[in-house]
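Take a look at the structure below.
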Amino acid sequence: MEVLSFLIPISLFLGGIGLAAFFWTIKSDQYDDPDGDSHRILSDEYDDHPKE
């Protein structure tokens, strides 16, 4: 039972880091392309090679 005194604060700390990273991705506009995937899946152009 003594190990819980270490594991609970560590899990809360790691969860806080994950939550902060999630909010950072929202603030840096990582999820602002909802139409991009739907257009890319229907496109005939393949992105296997870098564009020249």
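Readers should treat all values here as calculations from the given coordinates under stated rules, not as data from a laboratory. Since this is a predicted model, take the numbers as computed values, not measurements. Neighbour counts run over all protein chains shown; Cβ positions are idealised from the backbone, glycine included.
Given points 7 Å out from each Cα along the Cα-Cβ axis, report the residue 14 to residue 41 separation in nanometres with one decimal. With each label point 7 Å from Cα toward Cβ, the separation is 3.3 nm. In terms of other Cβ atoms within 10 Å, 33, 44 run from fewest to most in the order 44, 33.
For the range 1-41, the square roots of the Cα gyration tensor eigenvalues, ordered a ≥ b ≥ c, give a/c of at least 1.5 with a/b greater than b/c, which places it in the prolate category.
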